[in-house]
Amino acid sequence: MKPVAIFLIIALLIALIGTGYLYTNCKISATEILLTTSDAASQERFFSQLKQQVADDSVEGVLFDQSLTENADDYQFLTYSVHLLNQCYIPADMIEFQVTPAVGDILQIGDTANHTLAARSEDTFSVTILTRKDVDAVREINCSYYLWGIPFYQKMHYSSY
């Protein structure tokens, strides 16, 4: 009976150490953030749809400012592409991005897809905002995700400098 108890204690310690190792090393890191800009005038139809959704208060996404004028030449789309690296042995679920708005930002385009990142893999995700033209593109991007049902948060900064 004593050898069984010793074996179970050793097995418990190994399980606790293994779980602790996995938990402390569960890390997703952003290796690169790229910016793509496009004029809203080049996507006039999409801009008109967004303008109508703002007017109807039916925007899919996060509305920062309702003062959207008629002229698409005054606006641009900023798309931030974030390359994430999952360094742990657990897949990441429900990956979401939220851009901290700056002065001149109108809305963050909604993304209804359920983004996941497999264990020990990497992928690129994007988030798009509509903003006024000639606004600085420096932003803070908040990423949230779940590992084993436990929420994790990470703040990233995009700077062109």
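The values are calculated or read from the model by the stated rules, or taken from the named source; none is laboratory data. The model shown is predicted, which means the values in this text are computed figures rather than measured ones. Cβ: placed from backbone, ideal geometry, glycine included. Neighbour counts: every protein chain shown. Only protein heavy atoms, including side chains, enter the accessible area calculation; ligands, DNA and RNA are left aside. Shrake-Rupley method; radii C 1.70, N 1.55, O 1.52, S 1.80 Å.
Projecting the Cα atoms of LEU12, SER160, LEU50 onto the charge dipole of the chain, computed from C-beta unit charges around the Cα centre, puts LEU12 farthest toward the positive end. If you run the Gaussian network model on the chain, springs between alpha carbon atoms under 10 Å, then out of ALA15, ALA41, ALA119 the most flexible one is ALA15.
Here's the list of aspartates and glutamates a cross-link from LYS133 could span, going by alpha-carbon distance under 17 Å and ignoring same-chain residues fewer than 8 apart: ASP39, GLU44, ASP65, GLU70, ASP73, ASP74, ASP105.
In plain terms, the bigger the Kirkwood radius, the slower the diffusion; for the range 67-161, with that radius from Cα pairs, at 10 °C and 1.306 mPa s, Stokes-Einstein puts D at 109 µm²/s. Taking a straight Cα-Cα cut-off under 19 Å and skipping sequence neighbours fewer than 8 places away in the same chain, the lysines within cross-link reach of LYS27 are LYS155.
Tell me, for the chain, which Cys residues have no other cysteine's C-beta sitting closer than 4.7 Å. Taking the Cβ cut-off of 4.7 Å, the unpaired cysteines of the chain are CYS143.
Relative contact order for the chain: what percent, with Cα pairs under 8 Å and sequence separation of 6 or more? Let's see the in-between values first.
On the way: 294 pairs, mean separation 38.3, N = 161.
Reported as a whole number, the value is 24 percent.
Using the alpha-carbon atoms, what tilt in degrees (0 to 90, nearest 10) does helix 2-24 show relative to the longest principal axis of the chain? Its long axis makes an angle of about 20 degrees. Measure nothing fancy, just the Cα-based angle from helix 44-56's long axis to the longest principal axis of the chain, in degrees from 0 to 90, nearest 10. Here the helix axis deviates by roughly 80 degrees.
Can you send over the carbon and sulfur percentage of the accessible area for the chain, probe radius 1.4 Å, protein chains only? Here carbon and sulfur together make up 57 percent of the probe-accessible area.
Around the amide H of ARG139, modelled in the peptide plane, lie the amide H atoms of TYR158, all under 5 Å away and 5 or more residues distant in sequence or on another chain. Taking other residues whose beta carbon is less than 15 angstrom from the beta carbon of SER67, and scoring Lys, Arg as +1 and Asp, Glu as -1, yields -2.
LEU117 sits among other residues whose Cβ lies under 11 Å from its own Cβ, and their net charge, with Lys and Arg +1 and Asp and Glu -1, is -2.
For the chain, the solvent-accessible area works out to 61 Å² per residue, with a probe of 1.4 Å and every protein chain left in place.
Given q = 0.20 Å⁻¹, what are the Debye log10 I(q)/I(0) values for the range 1-106, with equal point scatterers placed on the Cα positions and solvent ignored? The Cα Debye sum returns log10 ratios of -1.09. A helix-only calculation puts the chain at -7500 deg cm²/dmol for mean residue ellipticity at 222 nm, using -39500 (n - 2.57) for each DSSP H run of at least four residues, averaged over all residues.
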